[in-house]
Amino acid sequence: MDTSSQELQAVVLKHFTEQFSGSPLLVQSPGRVNIIGEHTDYNNGFVLPAAIDKGVYIAIAKRNDDELHLFSGEFLEKYQTTLTEVKPTDKGWPNYVLGVVDQLQKHGHKLGGFNLVVDGNVPIGAGLSSSAAVECATAFALNKLFGLRLGKMEIALQAQKAEHEFAGVMCGIMDQFASVFGKKDHVIRLDCQTLEYKYEELQLNGYKLVLLNTNVKHSLASSEYNTRRQQCEQGVAWVKEHTHDVNSLRDVSMHQLNDFVKPKDELIYQRCKYVVEENIRLLDACDALEKGDIATLGEKMFETHFGLSKEYEVSCKELDFLVDYVKDNHAVLGARMMGGGFGGCTINIVQEKAIDDLINDIRRAYQQAMGLELSAYIAQIEDGSHIVSQ
(Lines give C-alpha, C1' and ligand atoms only; values in the text may rest on other atoms or scores of the structure.)
Protein backbone atom coordinates (compact mmCIF):
# COMPACT_ATOMS: atom_id res chain seq x y z
CA MET A 1 0.00 0.00 0.00
CA ASP A 2 3.02 2.29 0.29
CA THR A 3 3.01 3.22 -3.37
CA SER A 4 4.72 6.57 -3.97
CA SER A 5 2.76 9.42 -5.57
CA GLN A 6 4.75 9.18 -8.81
CA GLU A 7 4.21 5.42 -9.09
CA LEU A 8 0.51 5.81 -8.37
CA GLN A 9 0.07 8.53 -11.00
CA ALA A 10 1.76 6.26 -13.55
CA VAL A 11 -0.52 3.35 -12.60
CA VAL A 12 -3.68 5.47 -12.89
CA LEU A 13 -2.66 6.81 -16.29
CA LYS A 14 -1.74 3.30 -17.45
CA HIS A 15 -5.18 2.00 -16.40
CA PHE A 16 -6.79 4.89 -18.24
CA THR A 17 -4.90 4.15 -21.45
CA GLU A 18 -5.78 0.45 -21.20
CA GLN A 19 -9.47 1.02 -20.49
CA PHE A 20 -10.17 4.12 -22.58
CA SER A 21 -8.45 6.36 -25.10
CA GLY A 22 -7.47 10.04 -25.01
CA SER A 23 -5.43 12.01 -22.53
CA PRO A 24 -7.22 12.57 -19.22
CA LEU A 25 -7.28 15.31 -16.64
CA LEU A 26 -5.49 14.01 -13.51
CA VAL A 27 -6.62 15.22 -10.08
CA GLN A 28 -5.49 14.34 -6.55
CA SER A 29 -7.36 14.70 -3.26
CA PRO A 30 -5.67 13.71 0.00
CA GLY A 31 -6.76 11.65 2.95
CA ARG A 32 -6.64 13.40 6.30
CA VAL A 33 -5.60 13.07 9.88
CA ASN A 34 -7.36 14.83 12.71
CA ILE A 35 -5.01 15.95 15.46
CA ILE A 36 -7.74 16.50 18.04
CA GLY A 37 -11.50 17.14 18.01
CA GLU A 38 -13.10 13.76 17.31
CA HIS A 39 -16.87 13.23 16.88
CA THR A 40 -17.33 16.97 17.41
CA ASP A 41 -17.97 17.91 13.77
CA TYR A 42 -21.55 16.63 13.49
CA ASN A 43 -22.20 18.31 16.84
CA ASN A 44 -21.25 21.72 15.35
CA GLY A 45 -18.03 21.82 17.35
CA PHE A 46 -14.38 22.39 16.49
CA VAL A 47 -11.98 20.05 14.69
CA LEU A 48 -8.26 20.23 13.89
CA PRO A 49 -7.60 18.20 10.73
CA ALA A 50 -4.79 18.26 8.16
CA ALA A 51 -4.42 16.82 4.67
CA ILE A 52 -1.70 14.15 4.35
CA ASP A 53 0.64 12.73 1.73
CA LYS A 54 -1.63 9.77 0.99
CA GLY A 55 -4.46 10.41 -1.40
CA VAL A 56 -6.77 9.42 -4.21
CA TYR A 57 -6.07 10.06 -7.89
CA ILE A 58 -8.74 10.41 -10.53
CA ALA A 59 -8.06 10.39 -14.25
CA ILE A 60 -11.06 11.63 -16.22
CA ALA A 61 -12.02 12.59 -19.77
CA LYS A 62 -15.26 13.57 -21.53
CA ARG A 63 -17.29 11.19 -23.67
CA ASN A 64 -19.56 12.09 -26.59
CA ASP A 65 -22.63 10.50 -24.99
CA ASP A 66 -24.29 10.49 -21.55
CA GLU A 67 -22.61 7.28 -20.34
CA LEU A 68 -20.39 7.03 -17.25
CA HIS A 69 -17.64 4.42 -17.51
CA LEU A 70 -15.81 3.94 -14.20
CA PHE A 71 -12.81 1.77 -13.39
CA SER A 72 -11.30 1.11 -9.95
CA GLY A 73 -7.55 0.42 -9.82
CA GLU A 74 -7.96 -0.81 -6.23
CA PHE A 75 -10.52 -3.50 -7.13
CA LEU A 76 -9.70 -3.88 -10.87
CA GLU A 77 -13.43 -3.58 -11.55
CA LYS A 78 -15.54 -1.68 -14.08
CA TYR A 79 -18.90 -0.03 -13.55
CA GLN A 80 -21.12 1.56 -16.18
CA THR A 81 -24.31 3.63 -16.07
CA THR A 82 -25.79 6.78 -17.63
CA LEU A 83 -26.40 10.28 -16.29
CA THR A 84 -30.14 9.60 -16.16
CA GLU A 85 -29.76 6.33 -14.25
CA VAL A 86 -27.43 7.35 -11.44
CA LYS A 87 -28.37 5.40 -8.30
CA PRO A 88 -26.56 3.64 -5.42
CA THR A 89 -25.05 0.25 -6.27
CA ASP A 90 -24.30 -2.71 -4.00
CA LYS A 91 -20.78 -2.82 -5.48
CA GLY A 92 -19.78 -0.12 -2.98
CA TRP A 93 -16.84 1.74 -4.53
CA PRO A 94 -18.78 3.41 -7.42
CA ASN A 95 -21.13 5.07 -4.91
CA TYR A 96 -18.52 7.65 -3.89
CA VAL A 97 -18.27 8.81 -7.52
CA LEU A 98 -21.98 8.42 -8.36
CA GLY A 99 -23.07 10.25 -5.19
CA VAL A 100 -21.16 13.33 -6.35
CA VAL A 101 -22.65 13.14 -9.87
CA ASP A 102 -26.09 12.89 -8.26
CA GLN A 103 -25.51 15.97 -6.06
CA LEU A 104 -24.17 18.09 -8.92
CA GLN A 105 -27.15 17.21 -11.11
CA LYS A 106 -29.60 17.92 -8.26
CA HIS A 107 -28.02 21.36 -7.93
CA GLY A 108 -28.68 22.07 -11.59
CA HIS A 109 -25.13 21.60 -12.92
CA LYS A 110 -24.93 20.32 -16.47
CA LEU A 111 -22.65 17.31 -16.90
CA GLY A 112 -21.84 15.09 -19.87
CA GLY A 113 -20.73 11.48 -20.03
CA PHE A 114 -17.18 10.68 -18.91
CA ASN A 115 -14.57 7.94 -18.54
CA LEU A 116 -12.97 7.78 -15.09
CA VAL A 117 -10.24 5.78 -13.35
CA VAL A 118 -9.86 5.98 -9.57
CA ASP A 119 -7.03 4.64 -7.42
CA GLY A 120 -5.24 5.72 -4.28
CA ASN A 121 -2.80 4.96 -1.49
CA VAL A 122 -5.05 5.93 1.43
CA PRO A 123 -5.43 2.65 3.36
CA ILE A 124 -9.12 1.72 3.22
CA GLY A 125 -10.74 1.32 6.65
CA ALA A 126 -7.85 3.01 8.46
CA GLY A 127 -9.90 6.07 9.44
CA LEU A 128 -7.94 8.37 7.09
CA SER A 129 -11.05 9.18 5.05
CA SER A 130 -10.42 7.40 1.78
CA SER A 131 -14.12 7.85 0.95
CA ALA A 132 -13.99 11.65 1.36
CA ALA A 133 -10.84 11.74 -0.78
CA VAL A 134 -12.68 9.91 -3.61
CA GLU A 135 -15.69 12.24 -3.32
CA CYS A 136 -13.57 15.40 -3.28
CA ALA A 137 -11.36 14.24 -6.15
CA THR A 138 -14.50 13.46 -8.18
CA ALA A 139 -16.13 16.83 -7.44
CA PHE A 140 -12.86 18.68 -8.10
CA ALA A 141 -12.36 16.83 -11.41
CA LEU A 142 -15.95 17.31 -12.65
CA ASN A 143 -15.80 20.98 -11.69
CA LYS A 144 -12.75 21.46 -13.89
CA LEU A 145 -13.83 19.14 -16.73
CA PHE A 146 -17.28 20.71 -17.20
CA GLY A 147 -16.40 24.30 -16.16
CA LEU A 148 -18.89 24.35 -13.27
CA ARG A 149 -17.14 27.23 -11.43
CA LEU A 150 -17.70 25.75 -7.98
CA GLY A 151 -15.76 27.24 -5.08
CA LYS A 152 -13.82 25.03 -2.64
CA MET A 153 -16.55 25.28 0.00
CA GLU A 154 -19.24 24.12 -2.44
CA ILE A 155 -17.05 21.19 -3.51
CA ALA A 156 -16.62 20.09 0.12
CA LEU A 157 -20.35 20.44 0.90
CA GLN A 158 -21.51 18.54 -2.19
CA ALA A 159 -19.00 15.77 -1.44
CA GLN A 160 -20.34 15.53 2.14
CA LYS A 161 -23.94 15.30 0.89
CA ALA A 162 -22.88 12.52 -1.50
CA GLU A 163 -21.59 10.53 1.50
CA HIS A 164 -24.92 11.04 3.31
CA GLU A 165 -27.13 10.01 0.42
CA PHE A 166 -25.14 7.35 -1.43
CA ALA A 167 -22.95 5.80 1.28
CA GLY A 168 -25.54 6.23 4.06
CA VAL A 169 -23.04 7.66 6.55
CA MET A 170 -24.21 10.89 8.18
CA CYS A 171 -20.69 12.30 8.45
CA GLY A 172 -19.88 15.85 9.52
CA ILE A 173 -18.03 18.23 7.19
CA MET A 174 -14.50 17.68 8.54
CA ASP A 175 -13.24 14.94 6.20
CA GLN A 176 -14.26 16.64 2.98
CA PHE A 177 -13.21 20.07 4.24
CA ALA A 178 -9.71 18.88 5.14
CA SER A 179 -9.34 17.08 1.80
CA VAL A 180 -10.18 20.24 -0.16
CA PHE A 181 -8.69 22.97 2.05
CA GLY A 182 -5.51 21.24 3.31
CA LYS A 183 -2.31 23.33 3.45
CA LYS A 184 1.24 22.00 3.69
CA ASP A 185 2.70 22.06 7.25
CA HIS A 186 -0.53 23.47 8.69
CA VAL A 187 -3.54 22.11 10.54
CA ILE A 188 -6.98 23.67 10.05
CA ARG A 189 -8.91 24.90 13.05
CA LEU A 190 -12.41 24.53 11.66
CA ASP A 191 -15.56 25.75 13.37
CA CYS A 192 -18.16 23.27 12.11
CA GLN A 193 -21.01 25.58 13.13
CA THR A 194 -20.00 28.62 11.06
CA LEU A 195 -17.47 26.92 8.71
CA GLU A 196 -15.01 29.66 9.64
CA TYR A 197 -11.49 28.32 9.64
CA LYS A 198 -7.96 29.32 10.53
CA TYR A 199 -4.67 27.70 9.55
CA GLU A 200 -2.38 26.92 12.50
CA GLU A 201 1.24 26.09 11.76
CA LEU A 202 2.28 22.68 13.11
CA GLN A 203 5.95 22.86 14.12
CA LEU A 204 6.91 19.35 15.17
CA ASN A 205 10.65 20.07 15.67
CA GLY A 206 12.24 16.62 15.82
CA TYR A 207 8.92 14.78 16.11
CA LYS A 208 6.73 13.20 13.46
CA LEU A 209 3.12 12.04 13.13
CA VAL A 210 3.03 8.24 13.12
CA LEU A 211 -0.14 6.35 12.28
CA LEU A 212 -0.49 2.83 13.64
CA ASN A 213 -3.17 0.84 11.83
CA THR A 214 -4.92 -1.87 13.84
CA ASN A 215 -5.95 -3.54 10.55
CA VAL A 216 -9.37 -4.17 12.03
CA LYS A 217 -12.71 -2.60 11.17
CA HIS A 218 -15.43 -3.87 13.46
CA SER A 219 -18.84 -4.12 11.86
CA LEU A 220 -20.46 -1.83 14.45
CA ALA A 221 -18.74 1.25 13.03
CA SER A 222 -21.51 2.66 10.81
CA SER A 223 -24.51 1.71 12.96
CA GLU A 224 -22.89 2.94 16.19
CA TYR A 225 -21.84 6.18 14.47
CA ASN A 226 -25.47 6.95 13.62
CA THR A 227 -26.52 5.89 17.16
CA ARG A 228 -24.02 8.39 18.67
CA ARG A 229 -25.52 11.16 16.55
CA GLN A 230 -29.00 10.31 17.85
CA GLN A 231 -27.77 10.19 21.46
CA CYS A 232 -26.18 13.63 21.11
CA GLU A 233 -29.38 15.01 19.51
CA GLN A 234 -31.43 13.60 22.40
CA GLY A 235 -29.19 15.36 24.92
CA VAL A 236 -29.63 18.64 23.04
CA ALA A 237 -33.43 18.16 22.94
CA TRP A 238 -33.55 17.77 26.74
CA VAL A 239 -31.50 20.94 27.28
CA LYS A 240 -33.68 22.77 24.74
CA GLU A 241 -36.76 22.13 26.87
CA HIS A 242 -35.26 24.58 29.38
CA THR A 243 -33.42 27.08 27.20
CA HIS A 244 -34.21 28.08 23.64
CA ASP A 245 -30.85 29.37 22.37
CA VAL A 246 -29.45 25.84 22.02
CA ASN A 247 -29.24 24.13 18.62
CA SER A 248 -26.43 21.60 19.12
CA LEU A 249 -23.96 20.41 21.76
CA ARG A 250 -21.75 23.33 20.69
CA ASP A 251 -24.18 25.63 22.55
CA VAL A 252 -24.43 23.45 25.68
CA SER A 253 -22.42 23.90 28.89
CA MET A 254 -21.37 21.24 31.40
CA HIS A 255 -23.64 22.99 33.90
CA GLN A 256 -26.65 22.43 31.60
CA LEU A 257 -25.70 18.77 31.02
CA ASN A 258 -25.51 18.22 34.78
CA ASP A 259 -28.90 19.87 35.35
CA PHE A 260 -30.97 18.60 32.42
CA VAL A 261 -29.40 15.46 30.95
CA LYS A 262 -27.71 13.61 33.81
CA PRO A 263 -30.95 13.13 35.82
CA LYS A 264 -32.68 11.62 32.75
CA ASP A 265 -30.08 9.24 31.31
CA GLU A 266 -26.55 8.52 32.50
CA LEU A 267 -25.42 7.03 29.16
CA ILE A 268 -26.60 9.98 27.05
CA TYR A 269 -25.00 12.28 29.64
CA GLN A 270 -21.62 10.52 29.19
CA ARG A 271 -21.84 10.86 25.39
CA CYS A 272 -22.66 14.56 25.58
CA LYS A 273 -20.08 15.22 28.31
CA TYR A 274 -17.33 13.84 26.08
CA VAL A 275 -18.29 16.16 23.20
CA VAL A 276 -18.57 19.31 25.34
CA GLU A 277 -15.19 18.62 26.98
CA GLU A 278 -13.55 17.75 23.65
CA ASN A 279 -14.37 21.21 22.28
CA ILE A 280 -12.69 22.79 25.30
CA ARG A 281 -9.66 20.49 24.87
CA LEU A 282 -9.31 21.47 21.23
CA LEU A 283 -9.25 25.20 21.96
CA ASP A 284 -6.66 24.58 24.70
CA ALA A 285 -4.63 22.52 22.22
CA CYS A 286 -4.71 25.41 19.71
CA ASP A 287 -3.44 27.80 22.40
CA ALA A 288 -0.59 25.36 23.04
CA LEU A 289 0.18 25.12 19.30
CA GLU A 290 0.42 28.89 19.00
CA LYS A 291 3.05 28.84 21.76
CA GLY A 292 4.91 25.97 20.06
CA ASP A 293 4.05 23.76 23.06
CA ILE A 294 3.52 20.35 21.48
CA ALA A 295 3.96 18.55 24.82
CA THR A 296 0.63 20.02 26.00
CA LEU A 297 -0.94 19.13 22.65
CA GLY A 298 0.21 15.53 23.26
CA GLU A 299 -1.32 15.45 26.75
CA LYS A 300 -4.65 16.62 25.33
CA MET A 301 -4.52 13.78 22.76
CA PHE A 302 -4.16 11.20 25.55
CA GLU A 303 -7.13 12.81 27.37
CA THR A 304 -9.18 12.62 24.16
CA HIS A 305 -8.47 8.91 23.82
CA PHE A 306 -9.64 8.28 27.36
CA GLY A 307 -12.91 10.12 26.61
CA LEU A 308 -13.45 8.29 23.31
CA SER A 309 -12.78 4.93 24.94
CA LYS A 310 -14.59 5.28 28.27
CA GLU A 311 -17.30 7.94 27.73
CA TYR A 312 -18.14 7.98 24.01
CA GLU A 313 -17.29 4.25 23.75
CA VAL A 314 -16.18 4.17 20.12
CA SER A 315 -12.80 2.54 20.71
CA CYS A 316 -12.00 -1.19 20.74
CA LYS A 317 -9.47 -3.46 22.46
CA GLU A 318 -6.98 -3.15 19.55
CA LEU A 319 -6.97 0.68 19.62
CA ASP A 320 -6.81 0.74 23.43
CA PHE A 321 -3.85 -1.66 23.37
CA LEU A 322 -1.86 0.63 21.03
CA VAL A 323 -2.51 3.75 23.13
CA ASP A 324 -1.78 1.97 26.43
CA TYR A 325 1.46 0.60 24.98
CA VAL A 326 2.91 4.07 24.25
CA LYS A 327 1.49 6.15 27.08
CA ASP A 328 4.53 5.78 29.34
CA ASN A 329 7.10 6.01 26.52
CA HIS A 330 9.03 9.29 26.88
CA ALA A 331 9.56 9.40 23.08
CA VAL A 332 5.77 9.62 22.52
CA LEU A 333 4.21 12.99 23.37
CA GLY A 334 0.63 12.02 22.60
CA ALA A 335 -1.53 9.25 21.11
CA ARG A 336 -5.20 8.57 20.54
CA MET A 337 -7.58 6.67 18.32
CA MET A 338 -8.58 8.65 15.28
CA GLY A 339 -11.67 8.61 13.06
CA GLY A 340 -15.06 7.01 13.54
CA GLY A 341 -13.70 4.27 15.80
CA PHE A 342 -14.04 0.49 16.23
CA GLY A 343 -10.79 0.02 14.33
CA GLY A 344 -8.59 2.07 12.07
CA CYS A 345 -5.54 3.98 13.29
CA THR A 346 -4.07 5.63 16.29
CA ILE A 347 -2.27 8.91 15.67
CA ASN A 348 0.95 9.42 17.63
CA ILE A 349 3.45 12.26 18.02
CA VAL A 350 6.79 10.43 18.18
CA GLN A 351 10.39 11.60 18.48
CA GLU A 352 11.93 11.10 15.04
CA LYS A 353 14.96 9.12 16.19
CA ALA A 354 12.76 6.71 18.20
CA ILE A 355 10.28 5.86 15.42
CA ASP A 356 11.94 2.72 14.01
CA ASP A 357 12.48 1.10 17.41
CA LEU A 358 8.96 1.95 18.54
CA ILE A 359 7.38 0.47 15.41
CA ASN A 360 9.41 -2.74 15.70
CA ASP A 361 8.57 -3.16 19.41
CA ILE A 362 4.88 -2.38 19.12
CA ARG A 363 4.49 -4.62 16.04
CA ARG A 364 5.82 -7.59 18.01
CA ALA A 365 3.72 -6.81 21.07
CA TYR A 366 0.54 -6.27 19.01
CA GLN A 367 1.05 -9.52 17.10
CA GLN A 368 1.50 -11.36 20.40
CA ALA A 369 -1.47 -9.75 22.15
CA MET A 370 -3.98 -9.54 19.28
CA GLY A 371 -2.71 -12.10 16.76
CA LEU A 372 -2.76 -9.40 14.08
CA GLU A 373 -0.29 -7.60 11.84
CA LEU A 374 0.24 -3.90 12.58
CA SER A 375 0.85 -1.43 9.74
CA ALA A 376 2.64 1.86 10.36
CA TYR A 377 2.75 5.05 8.31
CA ILE A 378 4.59 8.30 8.82
CA ALA A 379 2.28 11.10 7.74
CA GLN A 380 3.51 14.35 6.21
CA ILE A 381 1.09 17.27 6.09
CA GLU A 382 0.41 18.35 2.51
CA ASP A 383 -1.85 20.51 0.34
CA GLY A 384 -5.50 19.72 -0.40
CA SER A 385 -7.22 18.80 -3.69
CA HIS A 386 -5.35 19.93 -6.78
CA ILE A 387 -4.87 19.31 -10.48
CA VAL A 388 -1.80 17.16 -11.15
CA SER A 389 -1.87 17.41 -14.97
CA GLN A 390 -4.31 18.23 -17.75
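The values are calculated or read from the model by the stated rules, or taken from the named source; none is laboratory data. All figures in this text were calculated on a predicted structure; none of them were measured in a lab. Methodologically, a virtual Cβ is constructed for each residue, glycine included, from the backbone with ideal geometry; neighbour enumeration extends over all protein chains shown. Protein only, heavy atoms only, side chains kept; ligands, DNA and RNA dropped before computing areas. Shrake-Rupley method; radii C 1.70, N 1.55, O 1.52, S 1.80 Å.
In whole angstrom, region 1-79 maps to an equivalent ellipsoid with semi-axes of 32, 16, 11, each derived as √(5λ) from the alpha carbon gyration tensor and ordered largest first. Amide H neighbours of Asn215 under 5 Å, counting only residues 5+ apart in sequence or on other chains, H built in-plane at 1.01 Å? Amide H neighbours of Asn215: Gly344, Ser375. Counting only DSSP beta bridges whose two residues both lie in the chain, roughly 90 percent are antiparallel. For region 183-237, dividing the convex hull volume of the Cα atoms by the residue count gives 148 Å³ per residue. Here the Debye sum runs over all C-alpha atoms of the chain as equal scatterers in vacuum, and log10 of I(q)/I(0) at q = 0.08, 0.12, 0.13, 0.15 Å⁻¹ comes out as -0.41, -0.92, -1.07, -1.34.
Summarising the label geometry, the points placed 7 Å from Cα in the beta-carbon direction at Arg149 and Ser222 lie 3.8 nm from one another. The alpha-carbon of Lys152 sits under 16 angstrom from the alpha-carbons of these lysines, leaving out residues fewer than 8 places away in its chain: Lys144, Lys161, Lys183, Lys198. Simple point charges give the picture: +1 on the Cβ of Lys and Arg, -1 on the Cβ of Asp and Glu, and for region 237-390 a dipole about the Cα centre of about 300 debye.
The magnitude of the dipole of region 328-367, with charges of +1 and -1 set on the Cβ of Lys/Arg and Asp/Glu and taken from the Cα centre, is near 140 debye. Only loop residues by DSSP count here, and only those with at most 12 other Cβ atoms within 10 Å; note down the trypsin sites (Lys or Arg not before Pro) in region 114-186 that meet that. Those satisfying the criteria are Arg149, Lys184. Summing charges over all other residues whose Cβ lies under 12 Å from the Cβ of Tyr57, with Lys and Arg as +1 and Asp and Glu as -1, gives -1.
Positive-end ranking of Gly384, Ala139, Cys286 along the dipole of the chain, with charges on Cβ about the Cα centre, is headed by Ala139. Where in region 268-310 does the label zone of Met370 land, with the point 7 angstrom along Cα→C-beta and an amide N cut-off under 18 Å? Only 302, 305-310 pass the distance filter.
With kT/(6 pi eta Rh) evaluated at 4 °C and eta = 1.567 mPa s, and Rh the Kirkwood radius from Cα pairs, region 203-335 diffuses with a coefficient of 79 µm²/s according to Stokes-Einstein.
Nonpolar atom fraction for region 142-298, defined as the carbon and sulfur part of the 1.4 Å probe accessible area, stands at 47 percent.
Apolar share of the accessible surface for region 50-141: 46 percent from carbon plus sulfur atoms, 1.4 Å probe. For the chain, the mean residue ellipticity at 222 nm estimated from helices alone is -12500 deg cm²/dmol, where every DSSP H run of n ≥ 4 contributes -39500 (n - 2.57) and the total is divided by all residues, rounded to the nearest 500. In a simple Cβ point-charge model (Lys, Arg +1; Asp, Glu -1; nothing else charged), region 19-158 has a dipole of about 380 debye relative to its Cα centre.
Bridgeable lysines around Lys317 (alpha carbons under 16 Å apart, same-chain partners fewer than 8 residues away excluded): Lys217, Lys327. Among the protein heavy atoms of region 1-42, carbon and sulfur supply 49% of the accessible surface, probe 1.4 Å, non-protein parts ignored.
With protein chains left intact and a 1.4 Å probe, residues in the chain average 41 Å² of accessible area per residue.
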